[in-house]
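Mind having a look at this structure? Questions to follow.
The numbers here are math on the coordinates, done by the rules we state, and not lab data. Computed from a predicted model, the values in this text were never measured in an experiment. For neighbour counting, all protein chains shown are included, and Cβ atoms are generated from backbone atoms with ideal geometry for every residue, glycine included.
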Amino acid sequence: MSSSADAAQRKIVRDGYMWNSASGMMNAVQSLIILVFITRFVGIEEAGIFSIAYAVGVLLQMFATYGVGNFQITDIKEKYSFSDYFWNRSITVLVSLALLAGYCALKSAFNDYSAEKTLIVLLIGAWKLVDSTENVFYALFQQKGRLDIGAKCYTIRMTASLVLYCALLTAGVSFTASTAVTVVFSVVFAFFLIKKNCLSFA
């Protein structure tokens, strides 16, 4: 391998470490930062609703992913095709959405959740399932030795979504509308980043 190829590989490894660290940090502080803004600009009750919705969303995200991304990354010999991983993830995400809808319907039917709380839980749950959907593509990048691409895309989308959400709340946009706009933006932006980067890998 030439020295230029060695340098390129070292840069990929260095960038992968940097962006993976950044994505991990962003994932850890996202809910905390949002809670601060909701508490400051909306109210304590809404902050509580967000906390419940976020907890439900994280559980759904874990269910939809259930560690298959880690297996996919280590499948260097490609025993299973990307199509297998993609359809597997599509099924688990759809099942998670169905569980989310059923959970919210039951809570609403027994008057445990108001209409606003039900909608927020649905929206935040869908938002976290964007992470699960992305994971199958970004695991593909890492499988091909490009952790830097997946981690960079994830960090950029999470940061952009966080900034948008907090900006809307600060501007006085309602809690529900801010959440809805952020979720739609996150879905569209994730699709854009995936389409832009995955064609050379799939």
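Let me check against my output: what whole-number percent is the relative contact order of segment 1-153, with C-alpha pairs under 8 Å and at least 6 apart?
38 percent
Within 10 Å of each candidate Cβ there may be at most 13 other Cβ atoms; applying that plus a DSSP loop requirement, which chymotrypsin sites (Phe, Trp or Tyr not before Pro) in segment 95-202 survive?
Passing sites in segment 95-202 are 110.
With the contact rule set at Cα under 8 Å and sequence spacing of 6 or more, what percent relative contact order holds for segment 116-192?
Details: 44 pairs, mean separation 31.7, N = 77.
Computed value for segment 116-192: 41 percent relative contact order.
Another one. Rounded to whole Hz and in sequence order, give me ³J(HN,Hα) for segment 146-157 from the Karplus expression 6.51 cos²θ - 1.76 cosθ + 1.60, θ = phi - 60°, writing x for Gly and Pro.
10, 4, 4, 5, x, 5, 5, 4, 4, 5, 5, 5
Turning to a different aspect of this structure: So if I take the centroid of the Cα atoms in segment 124-151 and the same for segment 6-32, what is the distance between those two points in Å?
Centre-to-centre distance over Cα atoms comes out at 13 Å.
Follow-up. Using the Cα centre as the reference, give the magnitude of the dipole from point charges on the C-beta atoms of the chain (Lys, Arg: +1; Asp, Glu: -1; all else neutral), rounded to the nearest 20 debye.
Dipole of the chain, to the nearest 20 debye: 500 debye.
For residue 79, list the aspartates and glutamates whose Cα falls under 15 Å from its own Cα; do not include residues on the same chain fewer than 8 positions away.
Counting by Cα, and skipping residues close in sequence, residue 79 has no aspartates and glutamates nearby.
Same structure again: Which one, 168, 125, 65, projects farthest toward the positive side of the charge dipole computed for the chain from Cβ point charges (K/R +1, D/E -1)?
65
So what J values fall out for segment 167-177 if you push phi through Karplus, 6.51 cos²θ - 1.76 cosθ + 1.60 with θ = phi - 60°, rounded to Hz, Gly and Pro as x?
5, 5, 5, 5, 6, x, 5, 4, 4, 5, 5
Angle between the Cα long axis of helix 115-143 and the longest principal axis of the chain, 0 to 90 degrees, nearest 10?
0 degrees
Enumerate the calculated ³J(HN,Hα) couplings along segment 80-88 in order (Karplus 6.51 cos²θ - 1.76 cosθ + 1.60, θ = phi - 60°), each rounded to whole Hz, writing x wherever the residue is Gly or Pro.
3J(HN,Hα) across segment 80-88, in whole Hz: 10, 7, 4, 4, 4, 5, 5, 6, 4.
For the chain, with the dipole built from +1 on Lys and Arg beta-carbon atoms and -1 on Asp and Glu ones, taken about the Cα centre, which of 49, 137, 188 lies farthest toward the positive end?
So the residue furthest toward the plus end is 137.
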